[in-house]
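See below for the structure under consideration.
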Amino acid sequence: MGDRDGRRPVVVGYDGSPGADQALCWGAEEAQLRDLPLVIFHAWHWPYPFHPLAQQVLEQVENVGAAVLEAGVDRVRELAEGLEVRTHLAKGTSAAVMLEAARDAELVVLGSRGHGGFEDLQAGSAAMQVPAHADRPVIVVRPTLPPARRDGVWVTVGVDGSPASQAALAFAFAEAELRGGSVVALCAWWDTSALPGPNRLPFTDTEMMRRAARERFEEWLRPWAARHPKVAVRTEFKNERPQGAVNEMARGAVLLVLGARGVGAVPATRLGPVTQSALLAAPCPVAVTPP
């Protein structure tokens, strides 16, 4: 899928839905900012448990998928004249096709939900499964894009000391530099000694723990700030539960960046609870980075 010079493309999943159109807009912008080609993917499949009697029926379904891709290319031509655009039509479910595409991609962009599902569904299956299993950063574009900003652009990133949040920092600083913006780095530190009843930790110096956590947080940021001297950094150290803090700090941001799973996540889970919450409720697009 990559170019002869080794450039990996930006890959966008597209099914013609409003969410997919927003993802296409975002993906085209990413490709332009990174000077990379854009590949538009569409998955088609026969959704019934029995095979049609005539091969012609399957061909008709595939032809509909090809028409969807053509519409996507036309849309990109309106958005980004001169951008190198390729298409890929594959048989299979959306999540399976996009995970296969992610192997050779620089990053993957999806809408939070496409065609199918019930009206109030906050995120479709692909929007949850692809970030959970991809080995590349995945941007899930939430239903309402933030308004275009000409100044005060910033990227919010959640930091908790996990390997995935180290990757999130790398992505957030790079994205902010591409967009000429700044980074708001958030650490939500929940004081376990303040828990009521039997869950409270005895003999705990809360202030000392908080101070040590904040020092480690700021220490983590210094190398990234040094590598990106043009990117201004603001730190936010919140003494509250991370799910609420992350979504609140994402308000007004052009992008929220989180690791796939952070400190305290159940080992068997692919996505931590904070990241899952953001994919369902964040007020801006969410980038999920693997460790």
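We did not get these values from a lab; they are worked out from the coordinates using the rules stated. No experiment lies behind these values; they were computed from the predicted model shown. Neighbour counts run over all protein chains shown; Cβ positions are idealised from the backbone, glycine included.
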The extension gain from Asp104 to Lys91, computed as 0.36 nm times the residue separation minus the Cα-Cα distance, is 2.9 nm
Listed with the fewest Cβ neighbours within 10 Å leading, Tyr48, Tyr14 appear as Tyr48, Tyr14
Note to self: C-alpha centroids of the stretch 164-179 and the stretch 16-73 sit apart, in Å, by 29
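Kindly put Phe50, Phe41, Phe237 in sequence by how many other C-beta atoms sit within 10 Å of each C-beta, fewest to most.
Fewest-to-most Cβ neighbours within 10 Å comes out as Phe50, Phe237, Phe41.
What ranking of Val257, Val97 emerges when the number of other C-beta atoms within 10 Å of each C-beta is taken as an exposure proxy, fewest first?
Listed from fewest to most nearby Cβ atoms, that is Val97, Val257.
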Rounded to one decimal in nm, the spacing of the 7 Å Cα→Cβ label points at Thr269 and Ala232 is 3.5
Once Phe50 and Asn239 are pulled to full extension, the length gained, defined as 0.36 nm per residue separation minus their Cα-Cα distance, is 62.6 nm
Output row, site Asn63, 7 Å Cα→C-beta label point, backbone N cut-off 20 Å, window the stretch 5-20, residues 16
